[in-house]
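Working notes, structure below.
Values quoted throughout were computed directly from the atomic coordinates according to the rules given, and no laboratory measurement underlies them. Since the model is a prediction, treat every value here as computed from it, not as a measurement. Because the Cβ atoms are built from the backbone with ideal geometry, glycine has one as well, and the counts that use them run over all protein chains shown.
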Amino acid sequence: MMGTSQLEVSLSVGTLLLASVCAFVLGAVIGSFLNVVIYRVPRGASIVRPPSACPVCGHSIRWYHNLPVAGWLALRGRCRDCGERISVRYLLVEAATGALFALAVVVFGLSAELPLVLGFISVLIAVAFIDLDFHVIPDRIVLPASLAALIYSIALDPSRWWQYVVWGLGAALFLFVIALVWSGGMGMGDVKLALLLGFVLGPQVVVGLFVSFFLGGLTGVVLLATGRKGRKDRLPFGPFLAVGALLALFVGTHVTDWYLGLL
């Protein structure tokens, strides 16, 4: 017969597994909505109406083909009516959002932090792909998200309210100075996104910014060396900020603890 401690461990593992599966499903659903946001917001279109349709033939997408991940796989990446290819990005956004939601449950558990983390992940995915396509980070996404993140962070830990304000403003100011010095290399959208990063990550925003600049610089060197980009070509920085923020979110504390241990 299973002992009490073994039973508790089994239940906790089972609960975590179930929560992770539910989080993946929720994330995939949110990812489907993010695909709409990524496509419509930069074009100034409503994210509510009209219903999703094939951009080539205009036929509305049937509800069962609109199911996250499963719908794309069932259609084999092609429109049911005209046969036009459906970008694999739709599948990737849904699957990645689901996977990150599940990982968030594993790392943060069913804690009060979790809604903030899930919202943060969603915003990062949306702005990363919008910036990648249009070289813009929409204010209508990042500014309300920054305000909501600051309020939520302060509500979680009122005694540290000033730290979130300082780290948010500090990260934004850092990128603002770079934008002034490096004309064309950094946009105001990046500055506003850094504000959000600081409000959520606190001191771990340093890790996020370091990773962002490292990855951005490395990518720039590779693109220049392979001739895919010229020195005057712009490289959107939002996706690198998003990747850096995600790494800081999940492992930032471990990185800073490791680094401080070396001193």
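To the nearest 0.05, how large is the calculated FRET efficiency for residue 155 and residue 43 if R₀ is 41 Å and r is the Cβ-Cβ distance? All intermediate terms of the calculation are to be shown ahead of the outcome.
On the way: r = 35 Å, r/R0 = 0.84.
After rounding, the FRET efficiency stands at 0.75.
Shape annotation for the chain: C-alpha extents along the principal axes are 69, 61, 37 Å, from largest to smallest.
Each residue, residue 181 and residue 140, gets one label point 7 Å from its Cα in the Cβ direction; the gap between the two is 3.5 nm. Each of 192, 232 has some number of other Cβ atoms within 10 Å of its Cβ, and from fewest to most they run 232, 192. Counted as membrane-span-like here are DSSP H helices of the chain whose alpha-carbon atoms extend 27 Å or more along the helix's own axis and whose Kyte-Doolittle mean is 1.0 or above; these are 4-40, 88-108, 114-134, 161-181, 205-225, 238-262. The mean sequence distance of close C-alpha pairs (under 8 Å, at least 6 residues apart), as a share of the length of the chain, puts its relative contact order at 17 percent. Judged by the mean number of other Cβ atoms found within 10 Å, the most tightly packed of the peptides 77-84, 150-157 leads the ranking 150-157, 77-84.
Taking neighbour counts of Cβ atoms within 10 Å as a proxy for exposure, in what order, fewest first, do 135, 59 appear? Provide the component values of the computation, followed by the final result.
Numbers: 135 15, 59 12.
Result, fewest neighbours first: 59, 135.
Taking each DSSP H run with n ≥ 4 as -39500 (n - 2.57) and averaging over every residue of the chain yields -24000 deg cm²/dmol at 222 nm.
Modelled this way, with points 7 Å down the Cα-to-C-beta line, the labels at residue 224 and residue 89 are 2.6 nm from one another.
I need to check one value: relative contact order of the stretch 111-263, counting alpha carbon pairs closer than 8 Å and at least 6 residues apart, in percent.
Values: 179 pairs, mean separation 40.5, N = 153.
Relative contact order, the stretch 111-263: 26 percent.
Remark on residue 53: its backbone amide H falls under 5 Å from those of 61, a criterion applied only to residues 5 or more positions apart or on other chains, H modelled at 1.01 Å from N.
Taking 0.36 nm per residue of separation and subtracting the Cα-Cα distance, full extension of the segment from residue 132 to residue 80 would add 15.9 nm.
Got a sec? How would 120, 250 order by Cβ neighbour count within 10 Å, fewest to most?
Details: 120 25, 250 18.
Neighbour counts put them in this order, fewest first: 250, 120.
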